[in-house]
Amino acid sequence: MTSIDLNADLGEGFGHWTLTDDERLLSVVTSANVACGFHAGDAPTMRRVCELAAARGVRIGAQVSYRDLAGFGRRAMDVPPAELTAEVAYQIGALEVFARAAGTRVAYVKPHGALYNRVVRDEGQARAVVDGVVLAGPTLPVLGLPGSRLLELAAKAGLPAVEEAFADRAYTDEGTLVARGQEGALVTDPGAVLERSVGLARNGEVVALSGRRIEMRARSLCLHGDTPGAVDLARQVRDALEASGVRVEAFA
């Protein structure tokens, strides 16, 4: 039977400000990308999400980012490789404290926002991220875009390289994500999201923004938690996958 993991970005709050419905999303997803304080998240939020995830058997992933709270980690930055390596390891280590206190461990690492897009092609930044992961946990899987420099270098470093896809984001013909500022970058029609989810899981392909059908084989499917109606849509995606014969289970 075909299987796929469902991951979502969680813990994206800070102080009294909250963005994602963590508790309800954790009843749907199998992996939680937890913000580690650099683009969002703070110590109480990280601890709470780890406890909720552990109680539900959801795998905990460290979502590492550039240090950019004001820009939600979505602004382009140039960080020296040695500094980025240390900051990636720091974020993983911070989350690991709360994961272990909840009776579990950090199971994987995923970059966020501008860093995620940067390490698709930038070898220097990708290598710095991989070095940071190795420093924090030399066997931690790395979640990223198929064909990216990040996953290539992670595999060379002996880390499990896990490919993911996005049902609610548009793709270029080259298999990269269309920039958020470009028209059509976000797929907002629920029916289209469901169709793309099943197509990605069962056939390993997706229709690019140009209309071209491209190969997109992935072990994990990302569901964004910061969009209106995110929880209901996530539930519909899981139901559609299971109805089509796809087993939903964590990759880690």
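Among the listed values [x] 147; [y] 114; [z] 157, the one matching volume of the Cα convex hull per residue in Å³ as calculated from this structure is [y]. Per the Debye calculation on the range 82-145 with a single equal scatterer at every Cα and no solvent contribution, log₁₀ I(q)/I(0) for q = 0.15, 0.22, 0.27 Å⁻¹ amounts to -0.43, -0.87, -1.20.
How do 105-112, 47-54 rank on mean C-beta neighbours within 10 Å, highest first?
Numbers: 105-112: 24.8, 47-54: 21.4.
In descending order of packing, they fall as 105-112, 47-54.
Membrane-span-like helices of the chain, defined as complete DSSP H segments with a Cα extent of 15 Å or more along the helix axis and a mean Kyte hydropathy of at least -0.5, are identified as 43-56, 81-101, 123-136, 190-203, 230-243.
Over the Cα atoms of the range 1-51, Rg to Rh with Kirkwood Rh, two decimal places? Before the final figure, lay out each step's value.
On the way: Rg = 11.7 Å, Rh = 11.3 Å.
Ratio of gyration radius to Kirkwood radius for the range 1-51: 1.04.
Converting the Cα gyration tensor eigenvalues of the range 1-128 into ellipsoid dimensions via √(5λ) gives semi-axes, longest first, of 23, 16, 14 Å.
Computed per residue of the chain from DSSP H runs no shorter than four, each worth -39500 (n - 2.57), the mean residue ellipticity at 222 nm is -11500 deg cm²/dmol. For the peptides 116-129, 64-77, the ranking by packing is 116-129, 64-77, with the highest mean count of neighbouring Cβ atoms within 10 Å listed first.
Set the Förster radius R0 to 30 Å, insert the Cβ-Cβ distance between R180 and R235 as r into 1/(1 + (r/R0)^6), and round the FRET efficiency to 0.05. Can you show the working numbers first?
Numbers: r = 25 Å, r/R0 = 0.82.
The computed FRET efficiency comes out at 0.75.
Here the gap between E195 and E123, fully extended at 0.36 nm per residue and compared with their Cα-Cα distance, gives a gain of 22.5 nm.
Against the compact-protein benchmark of 2.2 N^0.38 Å, the Cα-based radius of gyration of the range 121-252 scales to 1.10.
For the range 121-189, compute Rh as the Kirkwood radius over C-alpha pairs and then the Stokes-Einstein diffusion coefficient at 20 °C and 1.002 mPa s; write the answer in µm²/s, rounded to an integer. If you can, show how the numbers build up before the last one.
Working: Rh = 13.1 Å.
Estimated diffusion coefficient is 164 µm²/s.
Extending 7 Å from the Cα toward the beta-carbon at both D173 and R48 defines two label points whose distance is 4.7 nm. Taking every protein chain into account, the accessible area of the chain amounts to 43 square angstrom per residue (probe 1.4 Å). Under the simplified labelling scheme, the E205-S3 pair shows an inter-label distance of 2.6 nm, with each label point 7 Å from Cα along Cα→Cβ.
The values are calculated or read from the model by the stated rules, or taken from the named source; none is laboratory data. Predicted, not measured: the structure shown is a model, and the values here were computed from it. Please note: Cβ atoms are built from the backbone with ideal geometry, for glycine as well, and neighbour counts cover all protein chains shown. Each accessible area value is taken on the protein alone, full model and side chains, heavy atoms only, with ligands, DNA and RNA left out. Shrake-Rupley method; radii C 1.70, N 1.55, O 1.52, S 1.80 Å.
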